Amino acid sequence: MSNQFVSFSKFVSEGSHYEIGTKLAHTLRNNPELMSINIQGNCMDSFLLRKKQTLLDEFCPGVNEEIIGLSDSLKIPLGKLAVFADDVIEAGACSQFAALPSITSDGHTLIGRSYEFSTEDEMCLCVTRADGKPAHIGFSLLLFGRFDGINEHGLTVSMSSCEFGQRPFGEGLWFPFVLRSLLDNCSSVEDAIYLLKNMPIRSNVNLLIADTYGNTAIAETACFGDDRKISFRNSEDFLVATNHYESNEMLPYDNNRRRHSVIRYNTIKDYFSKKKGSISVESIKTILEEKVPNGVCCPFYEDCLGTLHSMVFDTTEISVQVCFGAASPQKWERISFHSPVENSKIQVPINNEFPQNPKTFWEHLNPGSMDKSITV
């Protein structure tokens, strides 16, 4: 086991999109690690750059102004910003799940979410209050995209990747900007599904969507050039998604299912099946805090499967609690939409471990396989 400390950023901003971009530039100046992740050495071809800007203008209006604000402030050409070179980013591994009012103790809709990767990550929580858009809270990717989040209407979104060994290609929005678009433009699951059906998505990913009205859905997406697919799952009690597809129509794309993903999926599913009617915020935290195979917390940072943050959303009361690093009972923090404007850093200890049975833990399984053998 190896120990280290990593630094998380908390960035609270408000104002016009351009002003938010200039404030992000200030954050980068004081954070060399964040700067190195988001600035590229080579400048992107101007034709390709314009195509990506046009796509953002259509589905993420305002985000280009944030990018320009940052570019102007740092005096760095737009083409050198990593936000336009999103193919350089590796996919993380995540667990996400929804407990619907029919199985929760207080009749609320509760969402749990953990994000796993290595410590070479952006690790930036944003509270964003852009003029003309609903305020939202979520972790950033490429500064302007989002891994997850909740907006002031209660619309909640998160993701878990299915890109391992089968990266998407073609034109369209990569998932961080799909999520940003939903947070900026939607107030209900119905709104979100309509938008997803009408945008070009260039990602192999599971998206969990929930709203304050008790509606939830999981969208499973795949993109391989002109071969694009999106499928929706619903439930009356709970929904679960890890790093593989579950819908029958997505099985042709389920070509890199790993045992660790199935272990986490089954752990959540079995817990909810046994605890129906008594699921609470504390129940959600228990799943997120327990290490695999008893929960979904993962300490395998050097293998890019280490828990970097966990979140519990209550979409009924429109609230979110966050835990930086591996989840533990003492580290949960409630984040407010009205947090004062600030840039701050949080030092968090990280303890790396390795699976005791790596050959089976990382094993590839056949599409659709739900092999319940538990080995970590």
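Counting only protein chain heavy atoms and rolling a 1.4 Å probe, the accessible areas of E122, E363 rank, largest first, as E363, E122. The distance separating the Cα centre of region 251-328 from that of region 177-202 comes to 24 Å.
The accessible-area ordering, largest first, of the residues H108, H244 stands as H108, H244, per a 1.4 angstrom probe. Compared with the dominant Cα axis of the chain, that is its longest principal axis, helix 46-59 is turned about 60°. Of the solvent-accessible surface of the chain, computed with a 1.4 Å probe and all protein chains present, 50% belongs to carbon and sulfur.
Dividing the helix sum by the residues of the chain, where each DSSP H run of 4 or more adds -39500 (n - 2.57), gives a mean residue ellipticity at 222 nm of -7500 deg cm²/dmol.
Across the chain, Cα pairs under 8 Å and at least six residues apart give a relative contact order of 22 percent.
Considering only alpha-carbon pairs that sit under 8 angstrom and 6 or more positions apart, the relative contact order computed for region 144-278 is 23 percent. Here's the picture: charge each Lys and Arg Cβ at +1 and each Asp and Glu Cβ at -1 in region 63-187, and of P101, S114, L182 the one pushed furthest to the positive end of that dipole is P101. Put a dot 7 Å past the Cα of N248, heading toward its Cβ, do the same for N366, and the two dots end up 1.7 nm apart.
Principal-axis analysis of the Cα atoms of the chain puts helix 175-185 at an angle of about 80° to the longest axis.
Within the set K229/K285; K80/K229; K229/K275; K51/K197, which residue pairs have Cα atoms separated by over 23 Å? Result: K229/K285; K80/K229; K229/K275 exceed 23 Å. When only Cα pairs below 8 angstrom with a gap of at least 6 residues are kept, region 219-376 shows a relative contact order of 23 percent. Label separation (H338 vs N294): 4.0 nm, computed from points 7 Å beyond Cα along the C-beta direction. In the structure shown, the pairs K10/K133; K52/K75; K10/K291 are assessed against 23 Å; a Cα-Cα span above that value is assigned to K10/K291. Recomputing P(r) over Cα pairs in 20 Å bins from 0, in percent from the coordinates shown identifies the correct label among [x] 26, 47, 11, 11, 4, 0; [y] 31, 62, 8; [z] 27, 51, 21, 1 as [y].
Each Lys and Arg contributes +1 and each Asp and Glu -1, all at the Cβ; summed about the Cα centre of the chain, the dipole is approximately 440 debye.
The values are calculated or read from the model by the stated rules, or taken from the named source; none is laboratory data. The structure displayed is predicted, hence computed values, not measured ones. All Cβ positions, even for glycine, are placed from backbone atoms using ideal geometry, and neighbour counts span all protein chains on display. Please note that ligands, DNA and RNA were not included when accessible areas were found on the heavy atoms of the full protein model with its side chains. Shrake-Rupley method; radii C 1.70, N 1.55, O 1.52, S 1.80 Å.
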